[in-house]
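Accompanying notes for the structure given below.
The values are calculated or read from the model by the stated rules, or taken from the named source; none is laboratory data. Nothing here was measured: the structure is a model prediction, and the numbers come from that model. Note that we place each Cβ from the backbone using ideal geometry, even for glycine, and neighbour counts take in every protein chain shown. Please note that ligands, DNA and RNA were not included when accessible areas were found on the heavy atoms of the full protein model with its side chains. Shrake-Rupley method; radii C 1.70, N 1.55, O 1.52, S 1.80 Å.
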Amino acid sequence: MFGFSTYEYDSDGFRECGVTGLRIHRSAEDMVKLYGLTAIVALVVGGLFAIAVAMTRWEAIGMLDPGRFYKYLSMHAWNLLIFWMVFMEIAILYVGGPFVLGRRLSLPSLAKVGYGLMLLGAVGVNVAIFVTSAPNNVPLLTSYVPLPSSWQFYLFAIVFLLGAVVAALPFFATIWWERQDNPGKTLPLVAFGAFVTSIIALEALLGGLITYVPTLAWRVGVLESLDPVWYRQMYWIVGHGTQQINLVAMIVIWYFLTHVLAGAEVASQKVSRIAFVMYLFFINLGAAHHLMSDPAVSAGWRLWNTSYSAYGAVVASMIHAFAIPAGLEAGRRAKGKGGGLFGWLWSSPWDDPGYSATILSIVLFGFLGGITGVMMGQMQLNMTWHNTLAVPGHFHATVVLGTTLAFMGLGYYVLRLVFGRDWILKPLARIQPYLYAGAMALVCLMMMYLGVLFGVPRRHPSVMDIPGTEFSFEAAQPFFAVFGVSAVLAIVGGALFALIAVGTLLFGDRFSVDTARVGDVDRAAADGGDEDDAVHEQSMRGTFVLTLVFLATFVVLTALNWYLLSNTWQIGA
Amino acid sequence: MSSPLDDPDGNWWDRKVNRRETIWLGLSAGWAVSLFGWMLGWTEFGDQNNIGQNYEVSPERYQEKVSAYKDAAGTLAVDGEDYLVPDGEDVYVGAFQWGFDGLPVVVRPGETYKVHLGTYDVQHGFSARNESNLSQQISLQMIPGYEWVLEMSWDDPGTYQVVCNEFCGNGHRSMHGTFLVADHDAVETGADAGEGGDGQSEASGPYGGWLTSDETGGAAGNFESVVDETGSSSVTVEVGADGNGGPFAYAPPAVTVDQGTTVTFDWISTGHNVVVEDAPDGSDWSGVESLEGDGYTHEHTFDEPGVYKYYCDPHLRNGMKGVVEVV
């Protein structure tokens, strides 16, 4: 399938990757290509709508009228937050399972059925949103009951979710058969992380079905009414659950790419695996941090829930925040790439877009995405963040600067190692992650300032021109200008990735590990050696300094936000 | 060394953990506990807590409560705008497509009020800020079927601007209201307030009180007198002109025309329709049922003499009503 690849398989359908050493079967690889390419198509479609959305919110341009704004916003959200993410994540499951374990993909026909359903659902949702007319409303992302969308929208959303569940089954089957064939072995960390990802995915997807099936029934009149509070709680199981899939998939990629490209090792298998398991237990009720400023949900339950997530999922993330740079530091020091406090970092291959995208993803996800997420999940702080532009500021930091950037980094290496093609426009490829990350970071910062410092609402096309009143958010105009310009640059950066990816597939030179160097460490030395070459004995002082800086930033930003809250008027008993 | 791509050999569980990693685990756990403790503590020593009584109340019933509140409220004119003066410590806000019923309201600085939040139809967002300090801002969700009562008090006098920040349909962007925090002289409130000099008498205006009474919808506050357009060959009524606390008016709200005159209804803002409440026998006018926007026009030639009463469906409660009288 797919003539774009330059690699050949043996008579059993396997090939060995000269860079990672992985033994790859074509049943898995064909599916990785199919899902991965479809993900890129969704990325491009969603990115096109991003232009319209950003250039409308930058009211100096004011591209769309309000009616079309809400529609284009819905298209942007569904194509990027759901379709780009989930298609890519199924591909990542097939890498984390069959590729890493050197096995065929089990139940490959289900992978094709799942793909068909997902494609049908994705196209169906796109069309349903685009042709929406009265009395239906566009769904945005959340389709909050009782504002109705078309029944076709709910139906195709259900079809997509079902397809994703079906597509995940071959991964589970592969893991199952691995355990049957090798009962004594432990899954490699990347496969273990992928396994945790898939369980969280199942929970999220089933939550989505529990949400959308009754909603469809309500929309067609089978159910007389649907409690909007129940809907919000159920919706956010899939709404936030899908973000947790993004998070764990991103972390799996961080471990994978820092290892392959820069010689990172696992600082502690035990600690990293515990962190993955913590995600499993603590994410389930984490959805409720979307309900912090809701009526009908008791304070006790909100406080318990948002701290349950704080205890569990945030600590798990902070564990990986140490473990991944620590693994990079220890691995590189052991290979002679250390030197002083940060020599291991400065010497790493910054001109490799797969690597730079990964590191930028780690840093920006942590500082911009993670910190803001925890802050606005605090019950009272939520009042100053809820439904302001700071909320998209946060999730563009997590899903774009974090997950999308990591997926781009992986994409660069899928081009080389799955399709066997080297990047076209190499100088542009080298700078693309920096351009995209830098511009997008500014976009996120501006959205956060606009939301928290000015209270600019999200999901609103015209805050400079509110009918029936002189009042407007004019004071915020300079921040919108920076937002607008940065958004244009970020979109250029994203388009550049798409251009390089598609161009490489069509016109890229054949990539061979004999002719091109991947990363800057000798892989033979990386995987040999004694397990007891104790990784824990390598110094991790550089990482420790970085994480302390992160914690200090966390503390200061949290304090500033609580201070800002204390300046508003008195609310609550 | 330990690769994330290989299965770890041997007893990886019991391997030592780097000292600094262990310290970091302790710091992370301590920070998580601090975050929790601070939130909990703030409910005791902090002044901003999104905690209040909740009631399950149908949207219809909530609207009745807001109406009763408005009936008992007094009126204070400030800079040409009429503000409700709450009768007591309760303030009601009812969000609807597309406005905030109950606003504008004036409250006294330093006093504690019970603010009731609810919606008449779909989910809305109560997003309020101090006009002269935009970072003094909070948002609270309003969900149909639920009434949320939060105590609030304001120390900083001034005008506070309210917008909706939950997508609620086409008119979402036009949802706006204000409240004023200011000291003022005592204003009469309670059961007597309704009969005060604010012109809300029952059925005592022209056309059976259609425009001046709030028996059906709100009173059309923008009505002053009937505009005489007899002799004009073409007459225009603006739909969605400013009035009644927002773009909620027909301008002019009452007009007399000759038989056979073509009246053009010209939309100048979005989210309005023209629903015919009453028309003379033999009239074939059906108004405009769908919600239309800026730039939409509707023409009708009025042949049958008599009084045609009409209103805008979503803004009836604001008082968006009109009359065409054909003589």
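Take A:Gly369 and tell me if it is more than 24 Å from A:Gln269 (Cα to Cα) and surrounded by 20 or more Cβ atoms within 10 Å (Cβ to Cβ).
Working: more than 24 Å from A:Gln269 (Cα to Cα): yes; surrounded by 20 or more Cβ atoms within 10 Å (Cβ to Cβ): yes.
So A:Gly369 fits the description; yes.
Candidates are the residues of segment B:281-321 that are within 13 Å of another protein chain (Cβ to nearest Cβ), open to solvent by 70 Å² or more (accessible area, probe 1.4 Å) and outside any loop (DSSP other than H, G, I, E, B); the one that is farthest from B:Asn170 (Cα to Cα) is B:Glu289. Pick out the one residue from A:Ala316, A:Ala326 that is facing chain B (nearest Cβ under 7 Å), modelled with pLDDT of 90 or more and either buried (at least 23 other Cβ atoms within 10 Å of the Cβ) or part of a helix (DSSP H, G or I) (or both). Residue meeting the stated conditions: A:Ala326.
For segment B:67-162, which fully contained strands (runs of 3 or more DSSP E) count at least 2 residues that are within 7 Å of chain A (Cβ to nearest Cβ), closer than 23 Å to A:Pro228 by Cβ and without any contact (Cβ under 8 Å) to a residue 40 or more places away in the chain?
B:133-142
Residue-by-condition table, conditions (1) in contact (Cβ under 8 Å) with a residue 24 or more places away in the chain; (2) touching a Ser or Thr at 6+ places or on another chain (Cβ under 8 Å); (3) within 10 Å of chain B (Cβ to nearest Cβ); (4) not in a loop (DSSP other than H, G, I, E, B):
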position: A:Lys185; (1), (2), (3), (4): no, no, yes, no
position: A:Val190; (1), (2), (3), (4): yes, no, yes, yes
position: A:Ala194; (1), (2), (3), (4): yes, no, no, yes
position: A:Ile199; (1), (2), (3), (4): yes, no, no, yes
position: A:Leu202; (1), (2), (3), (4): yes, no, no, yes
position: A:Tyr212; (1), (2), (3), (4): yes, no, no, yes
position: A:Val229; (1), (2), (3), (4): yes, no, yes, yes
position: A:Arg232; (1), (2), (3), (4): yes, no, yes, yes
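Residues in segment A:21-39 that are open to solvent by 10 Å² or more (accessible area, probe 1.4 Å) and closer than 16 Å to A:Arg421 by Cα were compared, and the one that is farthest from the chain's Cα centre (by Cα) is A:Asp30. If a residue must be in a helix (DSSP H, G or I) and within 12 Å of B:Leu117 (Cα to Cα), how many such residues does segment B:55-66 contain? Going through segment B:55-66 one residue at a time, the tally reaches 5.
Any idea which residue in segment B:70-111 is farthest from B:Val149 (Cα to Cα), counting only those that are of a type in the set (Gly, Ala, Ser) and open to solvent by 10 Å² or more (accessible area, probe 1.4 Å)? Ranking the qualifying residues of segment B:70-111, first place goes to B:Gly80.
Condition check for A:Pro146 on (1) open to solvent by less than 10 Å² (accessible area, probe 1.4 Å); (2) within 14 Å of another protein chain (Cβ to nearest Cβ); (3) at negative phi: one failure, at (1). Within the bounds of segment A:467-480, is there any residue that is within 14 Å of chain B (Cβ to nearest Cβ), in a helix (DSSP H, G or I), within 19 Å of A:Leu368 (Cα to Cα) and open to solvent by 20 Å² or more (accessible area, probe 1.4 Å)? Checked against the condition, which is being within 14 Å of chain B (Cβ to nearest Cβ), in a helix (DSSP H, G or I), within 19 Å of A:Leu368 (Cα to Cα) and open to solvent by 20 Å² or more (accessible area, probe 1.4 Å), segment A:467-480 yields at least one hit.
Answer yes or no as to whether A:Gly96 is open to solvent by less than 30 Å² (accessible area, probe 1.4 Å), without any contact (Cβ under 8 Å) to a residue 40 or more places away in the chain and not aliphatic (A, V, I, L, M). Taking the combined requirement at face value, the residue does not satisfy it.
Suppose we keep only residues that are assigned to a loop (DSSP other than H, G, I, E, B) and crowded, with 18+ Cβ neighbours inside 10 Å within segment A:124-140. Which one would you say is farthest from the chain's Cα centre (by Cα)? My answer is A:Asn136. Taking every residue in segment B:37-48 that is under 16 Å from A:Leu564 (Cβ atoms) and more than 7 Å from chain A (Cβ to nearest Cβ) and pairing it with any residue that is buried (at least 16 other Cβ atoms within 10 Å of the Cβ) and among the basic types (Lys, Arg), at least 6 positions away or on another chain, yields no pair with a Cβ-Cβ distance below 7 Å.
Let's see how each residue does on (1) closer than 21 Å to B:Trp98 by Cα; (2) crowded, with 22+ Cβ neighbours inside 10 Å; (3) basic (Lys, Arg); (4) touching a His at 6+ places or on another chain (Cβ under 9 Å):
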site: B:Glu224; (1), (2), (3), (4): no, no, no, no
site: B:Thr236; (1), (2), (3), (4): no, no, no, no
site: B:Ala251; (1), (2), (3), (4): yes, no, no, no
site: B:Thr270; (1), (2), (3), (4): yes, yes, no, no
site: B:Ala279; (1), (2), (3), (4): no, no, no, no
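Every listed requirement among (1) open to solvent by 50 Å² or more (accessible area, probe 1.4 Å); (2) modelled with pLDDT of 95 or more; (3) not in a strand (DSSP E or B) is met by B:Trp13 save one, (2). Is it the case that some residue within segment B:235-249 is among the charged types (D, E, K, R) and at pLDDT 85 or above? Looking through segment B:235-249, at least one residue is among the charged types (D, E, K, R) and at pLDDT 85 or above. Just checking, which of A:Leu551, A:Leu564 is modelled with pLDDT of 85 or more, over 28 Å from the mean Cα position of the chain (by Cα) and at the interface with another protein chain (Cβ under 8 Å from one of its Cβ atoms)? Step by step, each of A:Leu551, A:Leu564 is checked, and only A:Leu564 is modelled with pLDDT of 85 or more, over 28 Å from the mean Cα position of the chain (by Cα) and at the interface with another protein chain (Cβ under 8 Å from one of its Cβ atoms).
Does A:Ala397 satisfy the condition of being away from chain B (no Cβ under 14 Å), modelled with pLDDT of 95 or more and closer than 29 Å to A:Gly21 by Cβ? No; evaluated as a whole, the condition is false for this residue. The set of residues in segment A:383-400 that are more than 26 Å from A:Tyr434 (Cβ to Cβ), in a helix (DSSP H, G or I) and either among the basic types (Lys, Arg) or open to solvent by less than 10 Å² (accessible area, probe 1.4 Å) (or both) comprises A:Met383, A:Thr384, A:Trp385. Of the residues in segment A:420-432, not one is closer than 25 Å to A:Phe69 by Cα, aliphatic (A, V, I, L, M), surrounded by fewer than 24 Cβ atoms within 10 Å (Cβ to Cβ) and away from chain B (no Cβ under 14 Å). Of the helices (runs of 4 or more DSSP H) contained entirely in segment A:1-120, those carrying at least 2 residues that are under 28 Å from A:Thr186 (Cβ atoms) and not β-branched (Val, Ile, Thr) fall at A:26-57, A:85-94.
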